[in-house]
Amino acid sequence: MTLLSVRDLTVKFATRDSSVTALNRISFDLAKGERLGIVGESGAGKSITGFSLMNLLSRPGFIDNGTILFQGDDIVKMSESQMRSIRGNQMAMIFQDPMVTLNPVLTIGQQMVETLRAHRKLSQKEAEQIAIVKLREVYIPSPEDRLGQYPHELSGGMRQRIVIAIALLLDPQLIIADEPTTALDVTIQADIMELLLELCQSNKVGLILITHDLGVVSQMTERTLVMYAGKIIEAGRTREIINDPQHPYTQGLINALPQQTQPGNPLKQIPGNMPSLAAIPNGCAFNPRCEYALDHCRTTAPEIVQYAHVEVACHEVSRLHSDKSEERSA
Amino acid sequence: MLAYLVKRVFQAVAVMFVISLIGFAIQDNLGDPLRELLGQSVSEEVRQELREELGLNDSFVIQYTRFLGKALQGDLGTSYFFKEPALDVILKKLPATLELVLGATFIIVGFSVPLGVYTAIRPNTILSRIIMGLSIVGISVPVFLTAILMIYVFAVGYGWFPSFGRGDLVHVFGYWETNFATLDGWSHIFLPSLALASIMLPLFIRLIRSEMMEVLQSEYVKYARAKGIWPWRIYFVHALKNTLLPVITVGGVQIGTMVAYTILTETVFQWPGMGFMFLEAVNRVDTPLIVAYLIVVGFIFVVTNTIVDLIYGLVNPMVNLARMGA
């Protein structure tokens, strides 16, 4: 069953006299309980996608076009009060940096209870009981005592666990996690990811994991979207994208992983930088950095089409593929 | 907490020591007390005798030590003009000034929070622009001019409010007679309080507005929205509480500053408080009274700042007063 269906989502940022396109006709689906990864470099539009789903774009960003059907209702057309009743309730979000996510002057208890009471008629006591249960689920020791504590009294990993507990408070259908471990210690990152995976599986919650870490994506998700300059350039089952990437950009990303390089050799980089949104090149946005680019890549933008096991937006994907098979056979 | 308090009291004592030193240095250099005491027609020998008697020929250190010793016992010298202990003269005038400051504080607190929050939440409405425009005018126009304009419009023009004095007072205890017990008292204190607030109120509106706008951009406000919290709760619980932390600190200093501004307001409205008294004392070269005023105002400054720091510690959970004392 489809939980979320995004069609031709276009997000723009108003500038002084015109606007720049941050998301260019993004389409994807998410089944109930499915886990989807969105990967790409900084500025590719991953986070903007996440915030658009919550209808929480802050000015000057706005949804220009497209539909976001969540359980059949279009989020784009919803009033602010309808949207409020969905946020935190059916669709929850985990932010990047737990050090600045929780309000420093409110206790953990206040921040959990207010979330519950914003969506359900509960007494203070009842809400606290639910909060304690959820804190226990994320393995917070002595949860009763935590309710009276302020965020600054807890470590970063502990705070992110609390943010996860808050996300689960109202048993949502979908959790959007925007780089949930980027700000944490490497040693804690794995713990948090494992916890998130375990909770999503046991509660059958859909997950959209926004990250630039392909390793994390391969462990956590069933399907993956690769984004570049505001577009989806490759989409499919995570295993296939990791093992047999089709788009030159995705191939570059995977080749750039330290595991793909012999120790002592320099990492394989993709030459150049991602273009700024105000200056996206004509044709395929990746063409200036692409070693396979031909003339038509510089004039016409490729549509996303089914190829092999995945969907990919590249004119030269078949040539690329035959080159690769030749390499292999050679 | 106690350790922090003791530390703060020590700091306060140090500040008071410096103020007393400055105050005394002024006294030592401001005119000749004998001229004020004796007048012109006394011979030089008698003058020298009295000089010796009063200890005016002693060294600065000895004189200062004597002054400090007396000050610690509450004796800040005798006013030349009133022929009374200077501290008594000031304490009689103090309630009038404090009530004026209190009235202004009510106006500032009552209006700055709602107007500051409103202009932060709805920065582009016409009302916000009007408030921000007026606040610039309020900050720019000096208090004495605002005060005179108010008298001209509301006292002379419309006759809604009296233009001078304190009106009907009700005795509370000691030297304290209050304006806040009768309608006449209220009508007398209204214009002076408003004039006194005229600079601080716009300052606080702007301060709260800019702090609030910054807080509204923060991650935790975005996160609160992502949790589906009601907007009014985001504004008044999540955002306002964080907004007020720096405002409290600034506020503490400004209350002290307001006591100083009373000199202008009280003079224009002939308000019988210590600011008005101070100006008269300066005209009469009543040095002991001037010095006593400086010390009392310094004391008020130090006390309000200490209290404000304690309140800040209580409001901000990130300040651990117990740990700060150690």
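The values are calculated or read from the model by the stated rules, or taken from the named source; none is laboratory data. Quick caveat, the model's predicted, so the values are computed rather than measured. Neighbour counts run over all protein chains shown; Cβ positions are idealised from the backbone, glycine included.
One table, with the values for the structure above:
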read-out	value
Selection from the range B:73-92 of residues that are assigned to a loop (DSSP other than H, G, I, E, B) and of a type in the set (Lys, Arg)	B:Lys83
Out of A:Glu114, A:Glu153, sole residue that is charged (D, E, K, R), out of contact with any strand residue (DSSP E or B) (no Cβ under 8 Å at 6 or more places or on another chain), within 13 Å of chain B (Cβ to nearest Cβ) and buried (at least 19 other Cβ atoms within 10 Å of the Cβ)	A:Glu114
Candidate set: the range A:117-127, residues that are part of a helix (DSSP H, G or I) and surrounded by fewer than 18 Cβ atoms within 10 Å (Cβ to Cβ); chosen: the one nearest to the other protein chains (Cβ to nearest Cβ)	A:Arg117
Pairs with Cβ under 9 Å, 6+ apart, first in the range A:1-25 and outside any strand (DSSP E or B), second not small (Gly, Ala, Ser)	A:Met1/A:Lys32; A:Thr15/A:Pro60
Meets criteria (assigned to a helix (DSSP H, G or I), crowded, with 19+ Cβ neighbours inside 10 Å and among the hydroxyl-bearing types (Ser, Thr, Tyr)) for B:Ser128	no
Elements of type strands (runs of 3 or more DSSP E) contained in the range A:29-105, each with 3 or more residues being more than 9 Å from every other protein chain (Cβ to nearest Cβ) and in contact (Cβ under 8 Å) with a residue 40 or more places away in the chain	A:35-39, A:61-70
Positions within the range A:276-294 being surrounded by 10 or more Cβ atoms within 10 Å (Cβ to Cβ) and outside any loop (DSSP other than H, G, I, E, B), in sequence order	A:Leu277, A:Ala278, A:Asn287, A:Pro288, A:Arg289
Residue among A:Phe51, A:Phe62 that is under 24 Å from A:Lys231 (Cβ atoms), surrounded by fewer than 23 Cβ atoms within 10 Å (Cβ to Cβ) and under 15 Å from the mean Cα position of the chain (by Cα)	A:Phe51
Residue satisfying condition, being farther than 28 Å from A:Ala293 by Cα and in the same structural domain as A:Met1 (by TED's automatic domain parsing), within set A:Leu195, A:Leu253	A:Leu195
Pick from the range B:235-264, criterion within 11 Å of chain A (Cβ to nearest Cβ) and buried (at least 21 other Cβ atoms within 10 Å of the Cβ), ranking: nearest to A:Lys121 (Cα to Cα)	B:His238
Odd one out for A:Arg146, checked against (1) of a type in the set (Lys, Arg); (2) crowded, with 22+ Cβ neighbours inside 10 Å; (3) under 21 Å from B:Arg225 (Cα atoms); (4) more than 28 Å from the chain's Cα centre (by Cα)	(3)
Residue list for the range A:128-186, restricted to those being part of a loop (DSSP other than H, G, I, E, B), among the aliphatic types (A, V, I, L, M) and under 22 Å from A:Gly33 (Cβ atoms)	A:Val138, A:Leu169, A:Leu170
Counted residues, the range A:302-318 - those being in a strand (DSSP E or B) and within 13 Å of A:Ser27 (Cβ to Cβ)	2
Pair list, Cβ under 7 Å, 6 or more apart: the range A:207-226 residue more than 16 Å from A:Ala190 (Cβ to Cβ) and modelled with pLDDT of 90 or more, other residue of a type in the set (Lys, Arg) and buried (at least 20 other Cβ atoms within 10 Å of the Cβ)	A:Leu207/A:Arg35; A:Ile210/A:Lys46; A:Glu222/A:Arg35
Any chance B:Ser128 is within 33 Å of the chain's Cα centre (by Cα) and hydroxyl-bearing (Ser, Thr, Tyr)	yes
